[in-house]
Amino acid sequence: MPAKKEKSTLPADKITLYDKLIATNPEVERKGAAIPYTSCNGHMFSQLNENGSLVLRLPKGEIEAFLKKYNTGHHIAYGITRKEYALVPDDLFKKTKDLKSTSISATNT
């Protein structure tokens with residue numbers, strides 16, 4: 001018997017925002033049921049974390065500028081700082097147009 005897909009417990013409004021952002025690039029497909037994410041060539045470049053916050057993987061030359069511009073920090077998972085990933089502030093997450101050029105369009109990061 002096939003395993004049941006795990007349903008997400010994340011806030012519905014966060015999933016809606018994430019899907020809206022992903023829809024801005026038809027080449028990107030959302031994956032993951034419980035923890036939604038996107039990937040390209042086997043490399044994850046965005047995800048909603050366990051709190052429903054958006055996490056982006058950005059190139060080395062861009063991540064520090066992003067962190068400073070949006071006064072945010074790196075993503076921390078299981079006590080480990082993921083230096084190539086940035087937390088996206090909620091107010092920016094709600095601005096799909098502004099966020100589009102930063103994340104989903106940069107699928108080769």
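Taken over region 36-73, the criterion of being open to solvent by 70 Å² or more (accessible area, probe 1.4 Å), modelled with pLDDT under 95 and either at positive phi or in contact with an Asp or Glu (Cβ under 7 Å, 6 or more places away or on another chain) (or both) is satisfied by 41, 42. Between 16, 9, the distinction of being closer than 19 Å to residue 97 by Cα, without any contact (Cβ under 8 Å) to a residue 40 or more places away in the chain, out of contact with any helix residue (DSSP H, G or I) (no Cβ under 6 Å at 6 or more places or on another chain) and of a type in the set (Ser, Thr, Tyr) belongs to 16 only.
The values are calculated or read from the model by the stated rules, or taken from the named source; none is laboratory data. All figures in this text were calculated on a predicted structure; none of them were measured in a lab. Backbone-built Cβ (ideal geometry, glycine too); neighbour counts: all protein chains shown. For accessibility, only protein heavy atoms count, side chains too; no ligands or nucleic acids. Shrake-Rupley method; radii C 1.70, N 1.55, O 1.52, S 1.80 Å.
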